[in-house]
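Note sheet for the following structure.
The values are calculated or read from the model by the stated rules, or taken from the named source; none is laboratory data. None of these values were measured; they are calculated from a predicted model. Here Cβ is always computed from backbone atoms with ideal geometry, including for glycine, and neighbour counts include all displayed protein chains. To get the accessible areas, we keep the full protein, side chains included, count just its heavy atoms, and leave off ligands, DNA and RNA. Shrake-Rupley method; radii C 1.70, N 1.55, O 1.52, S 1.80 Å.
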2 protein chains.
Amino acid sequence: MNRIQLVIFIFFVSFSLPFSAQTDDMVKEDFQASSVNQSGKEFPKVNSEGLVRVRVEAPKANNVQLDIGGMKYDLKKNDEGVWTGESAPQDEGFHYYQLNIDGASVPDPGSKYYYGAGRWGSGIEIPAQDQEFYEMKDVPHGSITENIYFSEITQDWRRNFVYLPPGYFENFQERYPVLYLQHGSFEDETGWASQGHANLILDNLIAAGEAKKMIVVMDNGYANKPEVMQNAQDGDGRPKSAFEEVLIEEVIPNIDKKFRTKSSRSYRAIAGLSMGANQTMRIIMNNLNLFSYYGGFSGTSNYPGNEKIDTRTFLNGAFEDADEVNEKLNVLWLGLGTKEPEVFFKTVGDFREMLENKGIDYSFYESPKTAHEWLTWRRCLYQYAQLLFK
Amino acid sequence: MNRIQLVIFIFFVSFSLPFSAQTDDMVKEDFQASSVNQSGKEFPKVNSEGLVRVRVEAPKANNVQLDIGGMKYDLKKNDEGVWTGESAPQDEGFHYYQLNIDGASVPDPGSKYYYGAGRWGSGIEIPAQDQEFYEMKDVPHGSITENIYFSEITQDWRRNFVYLPPGYFENFQERYPVLYLQHGSFEDETGWASQGHANLILDNLIAAGEAKKMIVVMDNGYANKPEVMQNAQDGDGRPKSAFEEVLIEEVIPNIDKKFRTKSSRSYRAIAGLSMGANQTMRIIMNNLNLFSYYGGFSGTSNYPGNEKIDTRTFLNGAFEDADEVNEKLNVLWLGLGTKEPEVFFKTVGDFREMLENKGIDYSFYESPKTAHEWLTWRRCLYQYAQLLFK
């Protein structure tokens, strides 16, 4: 069994084994309603040890489970037909989860809903030691604007969310640099401004004078041409993505036309998480005339390869000339959570080794005690945004 | 049993009786995926007769129901543990619904989610004959902007969504009139720009030259002072709302400061649906120095009274001087769906009778074949917006 097969094996085993909820005498009874519950909803709750307690009324059910972090925990029914139970301790930060009621995987009616893992569903927040950096504070707030456009390339209506920094609406003379910020696989353009808290992270950094005022554009990384969906495919059997074409030919010109941007390459950054890190690294290296800052959060374009990187062929030789890369990229930034799956350590590690062998400057950040999840990426944005446009 | 008791009786009976799904030979097999399904989801589906068909995998369940329009329809299980079934025909337009799995009321994992009926949950769209007016078309699109503010009155963070018309971001010299547009009870500030399609309705009207370019502000109609929530209550046992104070003292000054508005009363309109119609009528009649256009969609401030309106006391005598009302209100507009519950016909009817007795000018619109639901209110906005600021 190779490494990838092992990861897949563990993944499926973890989904197939039911776990009993914690026994009552182990549980610390300081549960509080999750900060992302629906208005007025008491459950789900979280305690100081990161246990998640859910409650659902299902008087006629045979079996109800809490499905979180790749594990399923059996709940217990009381005399009124109400099921309750807890998970094992969860990592700090944001997690997707769901309930399983007699075999049906459904959202928890107590939580707010988020797009991730390929569906709109429940999310929960385990309070983090450092959560202050993405909290709502009494500082000037920017705005999130929904920007609809028709793509001639994909022949459909698309949208992005645009963060406009505090003062954008009042100061008609000021122009701002732009960060293009992408989500991961099975996520969409809603993630960064919702569970990602990109707006609050920027508001707080800007208020503290730790980041420049900037516009942040969050588009949808899934884009296909109509005919490509039918015919051509790239090597791994998936339809070839048209996202680079959409971003370069449609999104950037549209943003530069509609908003008061600084539109030279020195004022344009790009970053992404996981699949978005992979996509945006490819895009910036194909378009060094357009961008000068790169951030890869939990991903690189050599994912998921097992081979060492050959700079003569990798991304069409884009890293072959170290001097050019050092000159063109003001910041080349990589971040990773310490609890991420091995494949990310391996591929990001291979990429860093290549950079070091070539003598290419870069920054590397490790998010303590977080996995391939949103607290890692919130922290990455917090770190990365401080380096931009300076 | 009086009329109100009868309505309440029918309401509860309708929730307690399970209905069998349509038998197969009655069902027209031209179902299509709902237009508001999650990306890639095949179910729920709708056929040309307005039947809703749901499907959910729940192999261990004893009983699964579709709960829509105040009725519960039993689904049938196949050999693979998948439950399927249909509702009776539903009215054209948008409806909230949910699944009931062995007694648990949960969102359908196939639909997108909306805030209404006091929860985030499933919604479905039955295609309407006239849906063209709120469709996404190849016209210039305005933007929805999320505007966060701290309310000193309620001592909490609040937000509104602001529709900025096409051209707002590019034409720095242009100023626009403003419509304040409110949701109904158990709904929130997300409704009008989501299931309400306020942005698309305005985009289409503006492109056709049928409405003036305007800003639309959609705030949350629930607002309470911290101390009021503990102590004072008005006559009906609910805490006294601080929404009028928040709107007049905080929201309007904030909007006029942040956005390029025309800020005189001739360029300010207000409207709301159901509870929002009731609230906004009270607000405009208390503040005729600030607004000159009123729209009441499925509601008036005499709701739910059984008595005829006494203009000497109703809203502190605001309708007593007909000449003043006629002079101050450029438009007094009322709308109602033909299938609304009796209490709305009665109270809106009483209000119209009062206006006619006093000789106060008004417009009245009936939405054909719609109940107390969003297609009524989309149509109301479509009609009302055409009359504003002309």
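Ordering A:Gly305, B:Pro107, A:Pro226 by the projection of their Cα atoms onto the charge dipole of the protein assembly as shown, which places +1 on the Cβ of Lys and Arg and -1 on the Cβ of Asp and Glu, puts A:Pro226 at the extreme positive end. Think of chain A as having a plus end and a minus end, set by charges on the Cβ of Lys, Arg, Asp and Glu; of A:Phe344, A:Val331, A:Met275, A:Val331 sits farthest toward the positive end of this dipole. Taking all protein chains as they are arranged and a probe of 1.4 Å, the heavy atoms of B:Phe319 leave approximately 0 Å² accessible to solvent.
Give me a single rounded figure for B:145-152: the average over its residues of other chain Cβ atoms within 10 Å of their Cβ. Present the calculation step by step, with values, prior to reporting the outcome.
Working: counts 8, 9, 5, 8, 1, 4, 0, 0.
Mean inter-chain Cβ contacts per residue within 10 Å come to 4.
Suppose we compare each residue of segment A:93-110 in its chain alone and in the full protein complex with a 1.4 Å probe; which ones drop by at least 30 Å² of accessible area? Flagged in segment A:93-110: A:Ile101, A:Asp102, A:Gly103, A:Ala104, A:Val106, A:Pro107, A:Pro109.
Give the longest segment of chain A that steers clear of GluC sites (Glu not before Pro) in DSSP loops with at most 16 neighbouring Cβ atoms within 10 Å, not counting the sites themselves. Let's see the in-between values first.
On the way: sites that count: A:Glu29, A:Glu42, A:Glu49, A:Glu80, A:Glu135, A:Glu152, A:Glu170, A:Glu174, A:Glu210, A:Glu307, A:Glu320.
Free of exposed loop sites, the longest segment is A:211-306.
Within the full protein context, the accessible area of B:Val343 is estimated at about 30 Å² for a probe radius of 1.4 Å.
What's the long-distance tail for chain A, i.e. % of Cα pairs beyond 35 Å?
On the way: 23254 of 75855 pairs.
Tail of P(r) above 35 Å: 31 percent of Cα pairs.
In nanometres and ascending order, the distances from the A:Lys339 label point to those of the other copies are 5.0 (point 7 Å from Cα along Cα→Cβ).
How would you classify segment B:76-234 from its alpha-carbon gyration tensor, with a ≥ b ≥ c the square roots of the eigenvalues: rounded for a/c under 1.5, else prolate if a/b is greater than b/c, otherwise oblate? Note, shape of segment B:76-234 comes out oblate.
Within a straight-line Cα-Cα reach of under 13 Å, B:Lys339 can be paired with the following aspartates and glutamates, leaving aside sequence neighbours fewer than 8 residues apart in one chain: B:Asp91, B:Glu92, B:Glu366, B:Glu373.
Rounded to the nearest 100, the interface formed by chains B and A buries 3700 square angstrom of accessible surface, both chains summed, with a 1.4 Å probe. In segment B:159-173, comparing the full protein assembly with the chain on its own, the residues that lose 40 Å² or more of accessible surface at a 1.4 Å probe are B:Phe169, B:Glu170, B:Phe172. Between B:Glu227 and B:Met26, the simple label model (points 7 Å from Cα in the Cβ direction) yields a spacing of 6.0 nm. Cross-link partners for A:Lys212 among the aspartates and glutamates, with Cα-Cα distance under 12 Å and sequence neighbours closer than 8 places in the same chain left out: A:Asp203. Backbone phi angles across segment B:187-199, fed through the Karplus curve with coefficients 6.51, -1.76 and 1.60 (θ = phi - 60°), yield HN-Hα couplings of 10, 8, 5, 7, x, 5, 8, 10, 5, x, 6, 4, 5 Hz in residue order; Gly and Pro are listed as x.
Averaging 1/r across all pairs of distinct Cα atoms in the protein assembly as shown and inverting the result yields a Kirkwood radius of 28.4 Å. With a simple spin-label model that places each label point 7 Å from the Cα along the Cα-to-Cβ direction, the separation between A:Arg175 and B:Lys369 comes to 5.5 nm. Plainly put, the tip 7 Å out from Cα toward Cβ on A:Glu174 is 2.4 nm from that tip on each other copy, the closest given first. Each other copy places its own label point for B:Glu210 at 5.2 nm from this one, sorted shortest first, where the point lies 7 Å along the Cα-to-beta carbon line. Whole-Hz Karplus values for segment A:70-87 come out as x, 10, 10, 10, 5, 9, 10, 9, 9, 5, 8, x, 9, 9, 9, x, 10, 8 Hz, taken residue by residue from phi with 6.51 cos²θ - 1.76 cosθ + 1.60 and θ = phi - 60°; glycine and proline positions read x. Helix B:3-16 and the longest principal axis of the C-alpha atoms of chain B enclose an angle of approximately 30°.
When the accessible area of segment A:23-151 is split by element with a 1.4 Å probe, what percent falls to carbon and sulfur?
Values: 2420 of 5240 Å².
Reported share for carbon and sulfur atoms: 46 percent.
In the complete set of protein chains, residue-level accessible area for A:Ile201 is approximately 0 Å², probe 1.4 angstrom.
How big, in percent, is the set of alpha carbon pairs in segment B:15-127 lying more than 20 Å apart?
34 percent
For the set B:Arg158, B:Arg312, the ranking by accessible area, highest first and with no ligand, DNA or RNA atoms included, is B:Arg312, B:Arg158 under a 1.4 Å probe.
Which shape class applies to segment A:244-390: rounded if a/c is under 1.5, otherwise prolate when a/b exceeds b/c and oblate if not, where a ≥ b ≥ c are the square roots of the Cα gyration tensor eigenvalues? Kindly include the intermediate steps, with their values, before the conclusion.
Values: a/c = 1.70, a/b = 1.25, b/c = 1.36.
The shape class here is oblate.
Under the rule a/c < 1.5 gives rounded, and otherwise a/b versus b/c splits prolate from oblate, where does segment B:303-370 land using the Cα gyration tensor? Oblate, since a/c reaches 1.5 and b/c is not below a/b. Ordering B:Thr190, B:Ser264, B:Ala318 by Cα displacement along the dipole of segment B:132-385 toward the positive end leaves B:Ser264 in first place; charges were set at the Cβ atoms of Lys, Arg (+1) and Asp, Glu (-1). May I ask you to derive the relative contact order of chain B, considering only C-alpha pairs under 8 Å and at least 6 residues apart, and to give it as an integer percent? Result for chain B is 12 percent.
Note on segment B:120-161: Kirkwood radius taken over Cα pairs, Stokes-Einstein applied at 20 °C and 1.002 mPa s, translational D equal to 149 µm² s⁻¹. When the listed pairs B:Lys28/B:Lys112; A:Lys213/A:Lys257; B:Lys45/B:Lys369; A:Lys240/B:Lys60; A:Lys137/A:Lys257; A:Lys258/B:Lys41 are checked against a 29 Å cut-off, the alpha-carbon distance exceeds it for A:Lys240/B:Lys60; A:Lys137/A:Lys257; A:Lys258/B:Lys41. Principal-axis analysis of the Cα atoms of chain B puts helix B:275-286 at an angle of about 0° to the longest axis. Taking amide H atoms as placed 1.01 Å from N in the peptide plane, the amide H of A:Lys369 lies under 5 Å from those of A:Thr338, A:Lys339, each 5 or more residues away in sequence or on another chain.
A cut-off of 5 Å between modelled amide H atoms, ignoring neighbours fewer than 5 places along the same chain, links B:Asn62 with B:Asp102. For the pair segment B:300-363 / segment B:162-185, the C-alpha centres are spaced 28 Å from each other.
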